[in-house]
Amino acid sequence: MIHSRPPPKVYHLLIKTHKTTIFVTTAPTASVASVKAEVLSALTSDVNKDTETPEVSSEDDFDLCKPFKEKGKPTGAYEVVDTSLQIKQAGINNWEHLFIKFHDAESGEPLPITYTKPSFDGDEHEEVVEWHEEEDESMMVDIPSSSPVRKGKRKAPSE
């Protein structure tokens, strides 16, 4: 007998920018606009001490973006999420990472998506990822050349 899990009643979303991650808990039927309002509240709160994050005063100062995925893996390109849709309708899943694309305060032009990928292997090196909209055709992400490339499995350290 196969038991299927019921869909979650609450979604946990991780909204990333610069060195900040905002955790939002919401229903899958809630609107993307309500999530954007939560993000605005977090960005304008006294708790936000990230000096690299641009200042915002309204929901028009930024967009929420989700990564394009190919075979379940991010491609490096992002799409702006339609705020009129429900989270589920927008194709956002539980525990999904969304990213903030800020707009320039003077011109209103979109700024590149920027966030820091933390180090998981104990190194002090953190990788800063930046995506510019005009790179959409090439689906490329600008990764600093100084970042170490570690593909595949690593050998256990000898004792």
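Observations
- Sorted by Cβ neighbour density within 10 Å, fewest at the top, the residues Val80, Val56: Val80, Val56
- With neighbours defined as other Cβ atoms within 10 Å of a residue's Cβ, the residues Glu96, Glu59 order from fewest to most as Glu59, Glu96.
- Burial ordering of Leu14, Leu40, fewest other beta-carbon atoms within 10 Å first: Leu14, Leu40
- If R0 equals 41 Å, the separation of the Cβ atoms of Ser107 and Lys9 corresponds to a calculated FRET efficiency of about 0.45.
Laboratory data are not the source of any read-out in this text; all were calculated from the coordinates shown. Here the structure is a predicted model, which means the values were calculated and not measured. Virtual Cβ from ideal backbone geometry, glycine too; neighbours counted across all protein chains shown.
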